[in-house]
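Rule-based calculations on the coordinates, nothing more; no lab input. From a predicted model like this one, the values you see are computed outputs, not experimental measurements. We place every Cβ from the backbone using ideal geometry, glycine too, and count neighbours over all the protein chains shown.
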Protein chains: 2
Amino acid sequence: MSKSVFYHAGCSVCVSAEQDILNLMDSSTVEVVNIGEDRNRIAEAENAGLKSVPALVTPNGNVLHINYGASMADVKG
Amino acid sequence: MSKSVFYHAGCSVCVSAEQDILNLMDSSTVEVVNIGEDRNRIAEAENAGLKSVPALVTPNGNVLHINYGASMADVKG
């Protein structure tokens, strides 16, 4: 099965949502990416359709924006 | 294990998110509530902290607002 990707940027809203998602899902099926640090993956996140973080991209390509930590503009700085 | 509760109101954003959540999680651990129809559960949803639907309330009481379908004011009409 293809993995989901959880994108975040280290903010408190992001960390809280990450803990919830990893508790609720099989954590082995989720890749966690901090685009505040792994900045070369920002373009990938934008191409996936992210408008804000935290967000989960499902294996079928849907984007679930979860709560609201920061906009992609904020992340790009 | 206590269940999560997925609140929605039948909107297209809600239905899409519901399908994703039920695919990603063990669906036996999620109760799905349509507060557009089960209007006597709107107060419960508000007490849980919902600001909009769709949203997932985790077993530990955290609220994950997922994308944005409608505000609680819209649901209450």
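Remark: spin-label model distance B:SER28-B:ASN40 equals 2.9 nm, labels positioned 7 Å along the Cα→Cβ axis. For A:LYS51, nonlocal amide neighbours, meaning residues 5 or more places apart or on other chains whose placed amide H falls under 5 Å from its own, do not occur. Among the GluC sites (Glu not before Pro) in chain A, those placed in a DSSP loop whose Cβ has at most 16 other Cβ atoms within 10 Å are A:GLU37. Taking chain A as a Gaussian network, Cα atoms linked when under 10 Å apart, which of A:GLY49, A:GLY36, A:GLY61 shows the biggest mean-square fluctuation? Comparing A:GLY49, A:GLY36, A:GLY61 in a Gaussian network model of chain A, the most mobile one is A:GLY61. Restricting the calculation to Cα atoms, the range A:8-77 shows an Rg/Rh of 0.92 when the hydrodynamic-style radius is the Kirkwood one. Compared with the dominant Cα axis of chain A, that is its longest principal axis, helix A:12-24 is turned about 10°. Taking the Cβ of B:PRO59 as the center, what net charge do the other residues with Cβ under 14 Å away carry, scoring Lys and Arg +1 and Asp and Glu -1? Net local charge, B:PRO59 excluded: -2. The 3J(HN,Hα) values that the Karplus relation (6.51, -1.76, 1.60; θ = phi - 60°) gives for the range A:39-47 are, in residue order, 5, 6, 9, 5, 4, 4, 5, 5, 5 Hz. Gly and Pro appear as x. From the helices alone, meaning DSSP H stretches of at least four residues, give me the mean residue ellipticity at 222 nm for chain A, per-run term -39500 (n - 2.57), in deg cm²/dmol to the nearest 500. One gets -9000 deg cm²/dmol as the mean residue ellipticity at 222 nm. Result for chain A in a Gaussian network model with C-alpha springs under 10 Å: among A:ALA55, A:ALA43, A:ALA17, the largest mean-square fluctuation is at A:ALA43.
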